[in-house]
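Only one structure is covered here, and it is reproduced in the block below.
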Amino acid sequence: MEALLEKEGTVESWNDERLDELSRRVDKTATKEEATIIRNGMARGFDKADHEFARVNDRLDKLFYGLSFFGLTLVLNLAADKL
């Protein structure tokens, strides 16, 4: 378990370093207007990903509620049969 936590920290650090490097390269090679366009495009992409994640999260919530209702119904029916 500790090895996984170490690996996760390493990967997160690596990703941060790569994003910083990308940011520096964009700043160095692109004009200010081009950099703004690129950053706005990235922001829209992240917003879209957040929206999709929220949709998946909502679906998982509905699935959990449905399965919980089914389980509760099953337990109550089994209890009623015992009475």
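The values are calculated or read from the model by the stated rules, or taken from the named source; none is laboratory data. A quick note: this is a predicted structure, and the numbers were derived from the prediction, not measured. All Cβ positions, glycine included, derive from the backbone under ideal geometry; neighbour counts span all protein chains shown.
Could you list, ordered by first residue, the pairs with Cβ atoms under 8 Å in which the first is in segment 32-60 and under 15 Å from LEU19 (Cβ atoms) and the second is at pLDDT below 90 and not acidic (Asp, Glu), at least 6 apart or interchain? Short answer, once both residue conditions are applied: ALA35/VAL26; ILE38/VAL26; ILE38/ALA30; ARG39/VAL26.
If you check ALA49 against the conditions, is it touching an Asp or Glu at 6+ places or on another chain (Cβ under 7 Å), at pLDDT below 95 and assigned to a helix (DSSP H, G or I)? Walk me through it before giving the result.
Numbers: touching an Asp or Glu at 6+ places or on another chain (Cβ under 7 Å): no; at pLDDT below 95: yes; assigned to a helix (DSSP H, G or I): yes.
No.
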